Amino acid sequence: QVQLVESGGGLVQAGGSLRLSCAASERTFSNYAMGWFRQAPGKEREIVAAISWFGRTTFYADSVKGRFTISRDNAKNTVTLQMNSLKAEDTAVYYCAATPRGGVRVEKYEYDYWGQGTQVTVSS
């Protein structure tokens, strides 16, 4: 069982930055592909970014390309989402997720473990 704990959410003005972190309990963290999802009120949970086991491959939703960066540190069992140039439409609860499947995974059903979520609110 992998436990994931997100941190770093908060309130920021449009154009600002936030850095989300996700700490994993699993010692074999490098055996898990990771993803960040978000869910805004009344909307489906959607993929934001994903990263492969060793970070060689990444994926970004079109809405965040060029603004967000996903990275991982397997020695520290953490995955990070750096969010720059934030917009009001980025407001959502952000979730970290893990899957033992290889490559980058972009579908919710492909992920087996989820964090509790962290709120990101961008004021316009």
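The values are calculated or read from the model by the stated rules, or taken from the named source; none is laboratory data. Everything numeric in this text was worked out from a predicted model, so none of it was measured. For neighbour counting, all protein chains shown are included, and Cβ atoms are generated from backbone atoms with ideal geometry for every residue, glycine included. Calculation scope for accessible area: heavy atoms of the full protein, side chains included, ligands and nucleic acids excluded. Shrake-Rupley method; radii C 1.70, N 1.55, O 1.52, S 1.80 Å.
Numbers for the structure displayed
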item	result
Fraction of accessible area attributable to carbon and sulfur, the chain (%, probe 1.4 Å)	46 percent
Highest-fluctuation residue, S63, S30, S17 considered, GNM on the chain with Cα pairs under 10 Å	S63
Debye, to nearest 20: dipole size of the range 35-124, +1 on Lys, Arg Cβ, -1 on Asp, Glu Cβ	180 debye
Distribution of pairwise C-alpha distances over the chain, 10 Å bins, in %	15, 51, 29, 5, 0
DSSP-defined beta bridges in the chain - what % are antiparallel, rounded to 5	90 percent
Accessible solvent surface per residue of the range 1-107, calculated while the other protein chains remain in place, 1.4 angstrom probe, Å²	50 Å²
Sequence-distant lysines (8 or more away, or on other chains) whose Cα lies within less than 28 Å of K43	K65, K87, K108
Cα-based reach from K76 at 15 Å (exclusive), listing aspartates and glutamates while leaving out same-chain residues under 8 positions away	E6, E26
Projected label distance in nm at R19 and S63, using a 7 Å step from Cα toward the beta-carbon	2.5 nm
Relative contact order (%) - the range 39-124, alpha-carbon pairs under 8 angstrom, separation at least six	30 percent
Euclidean distance between Cα centres, the range 23-56 to the range 84-107, Å	6 Å
Under 5 Å, built H, 5+ apart or other chain: amide partners of V48	W36, F37, R38
Most mobile of K43, K65, K108 in a GNM of the chain (Cα contacts under 10 Å)	K43
R0 of 35 Å, Cβ-Cβ distance F54-Q119: FRET efficiency to nearest 0.05	0.70
Theoretical FRET efficiency, 1/(1+(r/R0)^6), r = Cβ-Cβ of V5 and K87, R0 30 Å, to 0.05	0.70
Of A88, A23, A50, the one that fluctuates the most in a GNM where the chain has Cα springs shorter than 10 Å	A88
